[in-house]
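Participant: Okay, handing you the structure first.
The values are calculated or read from the model by the stated rules, or taken from the named source; none is laboratory data. As the structure is a computational prediction, the values presented were derived from the model and not from experiment. Glycine gets a Cβ as well: all are built from the backbone with ideal geometry, and neighbour counts include every protein chain shown. Quick note on the areas: whole protein, heavy atoms, side chains included, nothing else; ligands and nucleic acids left out. Shrake-Rupley method; radii C 1.70, N 1.55, O 1.52, S 1.80 Å.
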Amino acid sequence: VKEEGRNGYRFFTSEMQAHSARALALSNALKQAVHRGELHLVYQPQVLLRDGSVVGAEALLRWTHPQWGFVSPAEFIPLAEANGLIVPIGEWVLHTALCQLRAWLDAGLPMMTMAVNLSAVQFAQPGLPDMVGRMLAQTGVPPEGLELELTEAVAMKEPEIAAQKMQELRAQGIRLSIDDFGTGYSSLSYLKRFKINKLKIDQSFVRDISTDPDDQAIATAIVQMARSLGMSTIAEGVETAEQLAFLHARGCDEVQGYHFSRPLLPALFDSFVRDNLEQ
Ligand code: C2E
Ligand code: CA
Ligand code: CA
Ligand code: CA
C-alpha cells in the first residue's frame, strides 16, 4: 500500500495540479477575452434534406488566446459556466450571431434560422426571455429567425420554471430545439409540456448509423416520435453519404455535418449558400 500507493498518488496529484493550473489560467484569461476581441463565431450550414437547401446556421464559438492559441469550446465553455462568465459571453454570442443573420439577409441571402447554443446557466437567468427579446429588437431579426439550442439538462432542475420560461420564449415567436437529444437522462414527458420545435439527434447516434442496428433503431425512433408530437428533426455530425442516405430514408428533416461543410467564417458561409443556390 505504502510504496505503490504513494507513487500512484504522487502521479495523480501532479496531473491534477497541471490540469487545474491550466483550468485556472484559462478561467482567468477568459475574463478579458470578450473585450480583447479574442472570441469569434463560425457558422455551420443546416441543410433541408427534402431539397438540399440551406435553411439555417449554427453559431459556434471560437477562442484564440494570444499565447495558448486555439482553445476548444469543449474545454472553455464548462469553465465559463463554472465562473459565471457564460452569461456575458452568451449575450455577446447572441448579439453577434443575430447581427450576422441581419447582415446576410440585408445582403440578399434567403431567410434562414440562426441556431444559438444556450447553456443551462444562461437559461436559468431570470431575465433571459426579456434579454433575448431586446436583442431581437436591437438587431431587427424577426423572432422566427432565432432558434435556441437547449440541452435536456435545462429541463431537469426545475421543470415548472423551465416550462414557464420556454412558454415565454415561444410566445415571442422564438424557436426552440433540444440539442444532443437522447444523451441526457431526463424524462420524455417534458416534450409534451414544453413547446419544442425540433429535436437534434446527437452525433453519438449518427456516427455508426450505417452499420449499427442499435443506433439505427434509436435514430428511427427519435424521428418517428418527433413527427407524431409535431416536431421536426435534425441530425448532427453527418460525415458520409451513407449516413445521409439512411437519415433521408427514415424521414429526418435536416442534417448538419462535415459531409456538407465544416463550421465556416462569415464570408465563406455566404459563398456556400450562394453556390448552393446556383446548383
Ligand atoms: P454542440 O452544440 O453539440 O456542437 C456540435 C459540435 O460538433 C461542434 O463542435 C461542431 O464543430 C462539431 N461538428 C460539426 N459537424 C461535425 C461532423 O460532421 N463531425 C464531427 N466529428 N464533429 C462535427 P465545437 O464547435 O467544438 O463545439 C463543441 C461544443 O461546445 C458544442 O457542442 C456546444 O456544446 C459548445 N458550444 C460551442 N459554441 C457555444 C456557444 O456559443 N455557447 C454555448 N453555451 N456552448 C457552445
Ligand atoms: Ca448545438
Ligand atoms: Ca449537439
Ligand atoms: Ca453533441
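Participant: So, for the chain, what is the accessible surface per residue at a probe of 1.4 Å, expressed in square angstrom?
Facilitator: Details: 14070 Å² over 279 residues.
Value returned for the chain: 50 Å² of accessible area per residue.
Participant: For the Cα atoms of the chain, what angle does the longest principal axis make with the long axis of helix 73-83, in degrees from 0 to 90, nearest 10?
Facilitator: 70 degrees
Participant: Quick check: net charge around ALA235, other residues with Cβ under 10 Å of its Cβ, Lys/Arg +1 and Asp/Glu -1? Don't skip to the answer; put the middle values down first.
Facilitator: On the way: positive: LYS200, ARG250; negative: ASP202, GLU236, ASP253, GLU254.
Here the count lands on -2.
Participant: Here is a follow-up. Stretch GLN67-SER20 to full length: gain in nm at 0.36 nm per residue minus the Cα-Cα span? It would help to have the intermediate numbers written out before the result.
Facilitator: Values: separation 47, 0.36 × 47 = 16.92 nm, distance 1.78 nm.
This chain segment gains 15.1 nm when fully extended.
Participant: Of the candidates THR113, THR151, THR220, which one comes out as most mobile in a Gaussian network treatment of the chain with C-alpha springs shorter than 10 Å?
Facilitator: Comparing THR113, THR151, THR220 in the GNM, the peak value goes to THR220.
Participant: Something else about it: Please count, across the chain, the pairs of lysine residues with Cα atoms under 26 Å apart that sit 8 or more places apart or on different chains.
Facilitator: Total qualifying Lys-Lys pairs in the chain comes to 10.
Participant: Hey, another quick one. Just to be sure I understand: with springs between alpha-carbon atoms less than 10 Å apart, which residue in GLY184, GLY90, GLY145 has the highest mean-square fluctuation in the Gaussian network model of the chain?
Facilitator: Top of the fluctuation ranking is GLY184.
Participant: Just subtract the alpha-carbon distance of SER204 and ALA163 from 0.36 nm times their residue separation and send over the number in nm, one decimal.
Facilitator: 12.0 nm
Participant: What 222 nm value per residue comes from the helices of the chain, counting each DSSP H run with n ≥ 4 as -39,500 (n - 2.57) and dividing by all residues, nearest 500 deg cm²/dmol? Let's see the in-between values first.
Facilitator: Numbers: 12 runs with 144 residues, N = 279.
Taken over the chain, the calculation gives -16000 deg cm²/dmol.
Participant: Considering only VAL34, ILE196, SER186, whose Cα is most displaced toward the positive end of the charge dipole of the chain, charges sitting on Cβ of Lys, Arg (+1) and Asp, Glu (-1)?
Facilitator: Checked the options; the winner is VAL34.
Participant: How large a share of the accessible area of the chain, in percent, is made up of carbon and sulfur atoms when the probe is 1.4 Å and the other protein chains stay in place? Walk me through the intermediate numbers first.
Facilitator: Numbers: 7770 of 14070 Å².
Solvent-exposed carbon and sulfur of the chain make up 55 percent of the total.
Participant: Okay, next question. For ALA74 and ALA249, calculate 0.36 nm times their separation in residues minus their Cα-Cα distance, and state this gained length in nm to one decimal.
Facilitator: Numbers: separation 175, 0.36 × 175 = 63.00 nm, distance 3.20 nm.
Answer, rounded to one decimal: 59.8 nm.
Participant: May I ask you to order 165-171, 223-229 by the average number of other C-beta atoms within 10 Å around their residues, highest value first? Write down the numbers at each step before the final one.
Facilitator: Working: 165-171: 17.4, 223-229: 15.3.
Ranked from most to least packed, the peptides come out as 165-171, 223-229.
Participant: Okay, next question. With r as the distance between the Cβ atoms of HIS35 and GLN216 and R0 = 45 Å, compute the FRET efficiency 1/(1 + (r/R0)^6) and round to 0.05. Walk me through the intermediate numbers first.
Facilitator: Values: r = 48 Å, r/R0 = 1.06.
Computed FRET efficiency for GLN216 and HIS35 comes out at 0.40.
Participant: Would you mind telling me the antiparallel percentage of the DSSP bridges in the chain, rounded to 5?
Facilitator: Numbers: 15 of 36 bridges.
In the chain, approximately 40 percent of DSSP beta bridges are antiparallel ones.
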